[in-house]
Every structure is written in structure tokens, then in C-alpha cells.
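**Student:** Have a look at this one before I ask anything.
Taken together, the values in this text are just the output of simple stated rules run on the coordinates, not laboratory data. Values in this document were obtained by computation on a predicted structure and should not be read as measured data. Backbone-built Cβ (ideal geometry, glycine too); neighbour counts: all protein chains shown.
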Amino acid sequence: MAFDLSALTPPSAEKRATTRTYHGQDLYDDYAWLRADNWQEVMRDPAALPQDIRDYLEAENTYQEAAFEDTQQLRDELFDEMKARIKPDESSVPSPHGKWSYASRYEEGAEYPLFTREPRDGGEETVLFNGPKEAKDHEYFALGMMSHSPDHERLAWSVDTNGSEYHHMRIRDLASGEDSAELVRDVGSFAWCADARSYLYVKVDENHRPNKVFYRPHDGEEQLIYNEEDARFYVGLDRSLDGRWIAIGTGQNDEDEVRLLRADDPTAEPILLAPRRAGHEYSVDTHGDQLFITTNSGGSENFRIMTASIDAPHESDWKELVPHRSDVLLDGSFVLKNWMVRQERENALPRIVIRHLESGEEHTVSFDEEAYSLGIRSGYEFETDILRFSYSSPSTPAQVWDYNMATRERVLRKEQEIPSGHNPSDYVVRRLHAPSSYGVMVPLTVLHRKDMSLDGSSPCLLYGYGSYGAGMPASFSTNRLSLVDRGFVYCTAHIRGGDELGRNWYEQTKKAGKPRTFQDFIAAGEHLAAEGFTSKGQVVAMGGSAGGLLMGAVTNMAPDLFSGIIAQVPFVDVLNTMLDDTLPLTPGEWSQWGNPIESAEEFAIIQGYSPYDNVVEQAYPPIFALSGLTDPRVQYWEPSKWIAKLREKSGNANTILLKTNMGSGHFGKTGRFAYLEEVALVYAFALKCAGKA
């Protein structure tokens, strides 16, 4: 085995037996004590973590550091080469708004950006927000929002300084550079009102659920204007591009409700478009008094676009504009003064469709590579003919284009620079299809060096997610080159649970269908081996969050396929989490996984695949799990319990590793270079599993 830690003695978590009974069945858990009873307090103050739990997590960290001690030189090399691919003074393409253009840029060597503006037609730059200065006293520093007022005189900004995603907000006067004395705590989303001085914001409750909307007039106290009492639904705000309306959206994964507020009269009675009902998803764009509604109503699984008037906004008044198509997913849209822009996906490839509102004429923007990614940006302006979009592929660095929708001319505004050099022709991008259960063909995006032999001798990094309808883009990553240049095949598996092949690709995996996600991933690895891209036992699997659930499940199901497993903030204790309705996400997740509290059938379904509940006595491949102490999405105790149980049951306990970031949450370290240290650690693990370290 390439990963040999036989000389080290790993920690052994104490077993404290607990039993709970659901639907007449006893549920045993020896490691439930790792869930801190005061977890809400720990989210705000990590020092409040009980000492016995802290001792265990720190012992695991110490062991993990010892396990990686012999990779220090390799990690330094990886870090240096990944950093060398990042332009030291990287900057964005300025985005125009009124008389100004807004941008961000990094000073050479800086971890955090400056947010700037300059006159639209050219002139002196003004720094609005100095990221390095604001972050200097914080180990963790993640910006939540950065929103300038419609009159360009104020800036609302928020920041999270411990990884818990409790963002605190201030308002900055841009003439003086001074911030408001008041710190508004626990802010979710935000929207400026029409007067550019008043604003709305959502607050997060003690269980980390955004559920209350407040209005703050420029000369008064905050007023509660909406309170969502159903714990399944989260609340968000969105200001329309035309500036006339603010949408209060409430929703869970597959159920939405939208209310419209006048931006110049936000305390007036909101306009409810369609009351929530199970399975109905919709969103709205405004165009003066006209509404454009993207909806899955009427059996439109892949969505359609409807129109209505603000005077007759209810669902019974909606009229179809863009019909539903069973083979094309409508993947997002927005409306400008003269145009509607939408992104579609067919056969796992994206395209942009432009519609002239007055004439109804449409045309398409697309590309010819086997696999690529596209992104559209609405910008700040409503009255414009310019669409900004981004393009990349696994071998082609990111490009930013301005596209004139009237003349159909493209202007390349920015191409990602790789200071250390990059030649796309050195690499091959392939789109393969792996046969899986129920006769489906799973798309795979494969990247490898052109000079690689397809004889099965190469290791493979196989990445997957497969949840919530989140399709994985075939995009460029400078970091992946560090593996590919060392002989790895890098493959993204577009497994069921995403929406790459339409909404049904996701719908098939809800509740009892979830094992299809795992079957697809295993099928992807087997197909790559059958086609000579790798071989069985040379696949390193990687996934995070719900993709970490995938990692836990496939490790239980097919351990011999993998030479290593990288599980980042893994959602592996599914049954216990879905039984705990105090956790931030649980109530809203029941529509995805099932409600094991209410349903014995759904309890049994989840119990049948939940990674923690299905760890058995067998030889597992080397496993590296990463978590964050203040993670509000996947709490630290899920990977902690999983690792403890794996080490108890596995025949190779020494190669079961856990790293808990004691000062961060779901997204690891902040800073554009600091996070590369963790990437280097993960890649060192992969290389060691492949016998290349």
C-alpha cells in the first residue's frame, strides 16, 4: 500500500453508548457525545467547545499532522506552483453603473482584494473598501456582501470573522470613508430602497435560519415587515434591475413563494404572486409593470417563462412566453430594458439565448469544445445592450466577453493569465459517457495530458457532487494542473442528483432514489478503468458537503475501486442530522432526503445508505476527512463521528485521517493564497495514495 502509517498510533475516541428509539427501532450511537449540546454558542464563540470534545479534535489534528510530515517538501512545491499560476495583481473587468465603473483588484501578494471605482469615462481610482486593511486582525475573514447605494453615496458591507456565516453589517459613507457606528448583527441578504438611504435586510435567528425581514428608514428605527414562521423556509431579498421592486423570496429546495414590495414604499402591503405549494418553484424578473416568471408549473419540469402584469400578477393570469422543452433545461434568466437573456443546457452543455423583447426575435451564443462552461452576468444596469459572459473549459483559462446583443459583436475584455505559463494544446478534454443503472449514460468530463498513454496505468482523481440539482461545470482550474502534470487523469462525473441532463436528472435521486447517485459514481470509475484511463484500485475519489455523503456511501459500497477518499466537510451522518430539527438546514432538507421523524419508511430509506450507519468491518481505502468547527451547514461532529467509527471498524485504522479547522467553517481558510495550503495538503494525500509521493 502506497500510504503506510504503520509506525504511528492514531487516536481512539472514547465510546459512550447512547440509544434512541424511532418507529419501534433502537438507534445506537457510541460517538453521539461529540455533538456539543451548546453548539449554537460554539458557532459564535469557538472557545465554548467542551474540553473533552476539543481534546479529541486536537488529538486528531496532531495525528493528521504527523501523518503528513513526510510530505512537507511536496506540499511546499505544490503550493509554490499553484501560487505561481495566480497573477499577483489580479483585477476584475470594471462594471459600469451610471457615471461610475466598479471593480476589484489585488495588490501584489495580497490575500484580499481592494474594491474600487473610477469615473466611467476614465479618471482617478477611489478605493471604497480595503480588504487587506479590514482583514489584518482576523484569522478568518469572509465578505458577505458589498452593495453600493443607487445614488453611489453609500456602501453596505458585511463580514464573517469565524466561519460561522453570522455576517455583521455596517454602512459606509463613501464621501468620508466613515462607517456607521451601529453594527447590525446576523444579517443575511440586503436591498437598498429607492431613496438610496433606507434599506431592507434579513436577519438570521439563533438556529442560523434567515427568517425575518426588517426595514430601516434613513432617519428611524428598524421595523419588522415580514416574519417567516415555518422553519423549512429561508428568506432572501432581491432588488430588481429596473430598481422599482424588491422581492421577498421564501423557499426551500423545491417550493417557492415571492412577494413584491415597491422600492419607494417598502412598508406597503406586498404583492403575493403565487402561494407556496409543494413542488412549485418559481422566480420573477420585473420590467416596469410587466413580470417575467420562470416556473415549473403545469408539468414544466425543465421550466418555462411566463408573463403577467403587476396589476394582474397571480398565477391564474400568467401567459406563456417561452414554452417548456423536455430535452432543454432553462438554467437561469434576467430581463433588461430591450432584452431577455437566458441560459439553457442541452446534453450537459450550456448556451446563451438572447431575445429581443419588442420583436420576439431570438439568437444563440454557443461554443464548439467537447466540454465547457458558460456564465452570464446581469451587471448593474437595466438600460444596456451589452451582455457580459464568461467562458472556460478544463484546458482553456477563463475569458470574459462583452457581447453587443444588437450588433452581435463580441469583445474579449479579459483572459485569465497564468504567469508561470500554460499551453492548452498540451492537454486533452474529453466528454465520455459511462453506462449506469436503469440504462442511463452518465456524462464524464475528462482532462489529461496529451502525452498520457491510455493503458490503465494512470491514477485518476474522480470528483463528484450529485445533489440539490447543482450541475458541475466543465470549467478551468489552475490547481488541477498540479495533479494532471504529475500523471493524473482528472474527471468530473456529472452524476444524477445534479441537473446536467435536465431537471429529471435531479428528481430521480430524491428520497428513495438517492442510491442512484452513488451507483453513477461507481459506474464512472469502472468505465474509466474499462477504457484505459485508469484501473481499479487507482481511483482517488473526492467530494465535499453533500458530495461528502457521496464519498461515504461509495466507500462503503465499493472500497476496492478506490486507492483513496477525500471527503471535504462531508455530510455523512445523514440519519441523525435529519432527526435533529434544531439544526439550521434540517427542516428544509426533508423534501430532499425524507423526514425520518414522521415517516418510518423514510427513516428506513435513509438508514439504508447513511454512511455513518453503514460503516462495517472491512478494509477501507485511505480516507482523509476535513471539517470546520464553526460550520453551520455540515456540523463538525459528522466527520468526527464518522472517522471514529471507521477507525474502530477498519482493518487499516492508521490511514483514516481527520483535520478539523478550529477557526473556520464550511469553506475552509480565507485568502486567495492561504487556502492553497489546504489544496496542497489534499493533493499530497492524493499523490501519496497513488504512489507518487
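**Student:** Among bridges DSSP assigns within the chain, what percent are antiparallel (round to 5)?
**Tutor:** 85 percent
**Student:** Rg(Cα) of the stretch 482-575 divided by 2.2 N^0.38 Å?
**Tutor:** For the stretch 482-575, the normalised Cα radius of gyration comes out at 1.08.
**Student:** Among the trypsin sites (Lys or Arg not before Pro) in the stretch 1-106, which ones are in a DSSP loop with at most 15 other Cβ atoms within 10 Å of the Cβ? Mind listing them?
**Tutor:** LYS15, ARG16, LYS99
**Student:** Could you work out how far the C-alpha centroid of the stretch 201-262 sits from that of the stretch 628-693, in angstrom?
**Tutor:** The stretch 201-262 and the stretch 628-693 have Cα centres spaced 35 Å from each other.
**Student:** Now a separate question. Under the 0.36 nm per residue contour assumption, what length would be gained going from the current alpha-carbon distance of SER95 and ASP265 to full extension?
**Tutor:** 58.4 nm
**Student:** For a distance above 37 Å, tell me the whole-number percent of Cα pairs in the chain that qualify.
**Tutor:** Tail fraction, whole percent: 40.
**Student:** Principal axis lengths of the stretch 327-411 from Cα atoms, whole Å, largest first?
**Tutor:** In descending order, the Cα extents are 37, 30, 21 Å.
**Student:** Note the full-extension length gain between ASP45 and ASP385 as 0.36 nm times their separation in residues minus their Cα-Cα distance, in nm to one decimal.
**Tutor:** 117.5 nm
**Student:** Starting from the coordinates of the alpha-carbon atoms of the stretch 59-142, obtain the Kirkwood hydrodynamic radius over all distinct pairs and give the value in Å to one decimal.
**Tutor:** 15.8 Å
**Student:** Across the stretch 262-269, in residue order, what do the Karplus-derived ³J(HN,Hα) couplings come to in whole Hz, using 6.51 cos²θ - 1.76 cosθ + 1.60 with θ = phi - 60° and x for Gly and Pro?
**Tutor:** Values per residue, Gly and Pro as x: 5, 5, 9, 8, x, 8, 5, 4 Hz.
**Student:** Could you work out the relative contact order of the stretch 327-411, using alpha carbon pairs under 8 angstrom and six or more residues apart, expressed as a whole percent?
**Tutor:** Here the relative contact order equals 19 percent.
**Student:** Taking a 18 Å limit on the Cα-Cα distance, which of the listed pairs LYS87/LYS414; LYS83/LYS136; LYS514/LYS641; LYS511/LYS536 fall beyond it?
**Tutor:** Cα-Cα > 18 Å for LYS83/LYS136; LYS514/LYS641; LYS511/LYS536; rest within.
**Student:** List every residue whose amide H lies under 5 Å from the amide H of MET145, counting only residues 5 or more places away in sequence or on a different chain, with H placed 1.01 Å from N in the peptide plane.
**Tutor:** For MET145, the qualifying residues are SER158.
**Student:** Through the Karplus equation 6.51 cos²θ - 1.76 cosθ + 1.60, θ set to phi - 60°, convert the phi angles of the stretch 194-202 into ³J(HN,Hα) values in whole Hz; use x for Gly and Pro.
**Tutor:** These are the phi-based 3J(HN,Hα) values: 5, 6, 6, 10, 8, 7, 10, 8, 9 Hz.
**Student:** Here is a follow-up. Could you tell me the ratio Rg/Rh of the stretch 412-458? Both radii from Cα atoms, Rh via Kirkwood.
**Tutor:** 1.15
**Student:** Right, next: Across 10 Å bins from the origin, how do the percents of Cα pairs in the stretch 257-405 run, short distances first?
**Tutor:** 10, 36, 34, 16, 3, 0
**Student:** Taking the Cβ of GLY144 as the centre, find all other residues whose Cβ is under 11 Å away and add up their charges (Lys, Arg: +1; Asp, Glu: -1).
**Tutor:** Counting the neighbours of GLY144, the net charge comes to -3.
**Student:** In degrees between 0 and 90, to the nearest 10, how far off the longest principal axis of the chain does helix 674-689 point, with axes built from Cα atoms?
**Tutor:** Between helix and principal axis, roughly 40 degrees.
**Student:** Please turn the phi angles of the stretch 363-379 into ³J(HN,Hα) values with the Karplus equation 6.51 cos²θ - 1.76 cosθ + 1.60 (θ = phi - 60°), one per residue in order, whole Hz, x for glycine and proline.
**Tutor:** Computed from phi, the couplings for the stretch 363-379 are 9, 10, 10, 8, 9, 10, 5, 4, 8, 7, 10, 10, x, 10, 10, 6, x Hz.
**Student:** I've got another one for you. Please identify the trypsin sites (Lys or Arg not before Pro) of the stretch 401-498 that satisfy two criteria: DSSP loop assignment and at most 14 other Cβ atoms within 10 Å. Which are they?
**Tutor:** Here the trypsin sites (Lys or Arg not before Pro) that fit, given the DSSP loop and packing criteria, are ARG408, LYS450.
**Student:** Could you list, bin by bin from short to long, the percent of Cα-Cα pairs of the stretch 561-658 in 5 Å steps?
**Tutor:** The calculated distribution, bin by bin, is 2, 14, 22, 23, 17, 13, 8, 1.
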